[in-house]
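Q: Please find one structure pasted underneath; my questions will follow.
The values are calculated or read from the model by the stated rules, or taken from the named source; none is laboratory data. Here the structure is a predicted model, which means the values were calculated and not measured. So basically every Cβ, Gly included, is an ideal-geometry build from the backbone, and we count neighbours across all protein chains shown.
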Amino acid sequence: MIKKITYTIGVIIFLWWFFLAHVSFSDFSDKEWIYRENEQYIAKTYTPKLINPFGLYFHLMKEDPTYVVLFDKNGRYLGQSSPFFIDHGLAMDGGQLPENDAMQFYIVSLNDYTDEYIIPVNNKKWWSYILQYFH
């Protein structure tokens, strides 16, 4: 029984490390973050960490990989962009913070993959439920 519990915990930690560790730890000192304010929301950009294969891949394949984390005005984590598609060349000036009729944040990317930078405010993506404990 102890072996099964240990094995299960080990598998969960491995899966977290392999898929999400590169975006789990947001350190303000790793990159100058861009900060936009609305009445209720703040969006910050971060660089993924080089601690798993995804983080290594993004640093090798992208010039300046960036992901976005959305907070409310009190600093409470609301969600973040996809940990599986991290782009470079984000135009933060083209980002739209949530308004009353559109409850999602999005950024205009220089590439065509802008859907990966949509952050719903009310309906979190599955990774945002997991990563909320790291921010």
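Q: Restrict the check to segment 99-108 and report whether at least one residue is farther than 23 Å from residue 18 by Cβ, assigned to a strand (DSSP E or B), at pLDDT 85 or above and in contact with a Ser or Thr (Cβ under 9 Å, 6 or more places away or on another chain).
A: Within segment 99-108 (the criterion being farther than 23 Å from residue 18 by Cβ, assigned to a strand (DSSP E or B), at pLDDT 85 or above and in contact with a Ser or Thr (Cβ under 9 Å, 6 or more places away or on another chain)), the answer is no, since none of the residues qualifies.
Q: What is the residue count in segment 5-25 for residues that are surrounded by 10 or more Cβ atoms within 10 Å (Cβ to Cβ) and more than 15 Å from residue 58 (Cβ to Cβ)?
A: Residues that pass the stated criteria total 12.
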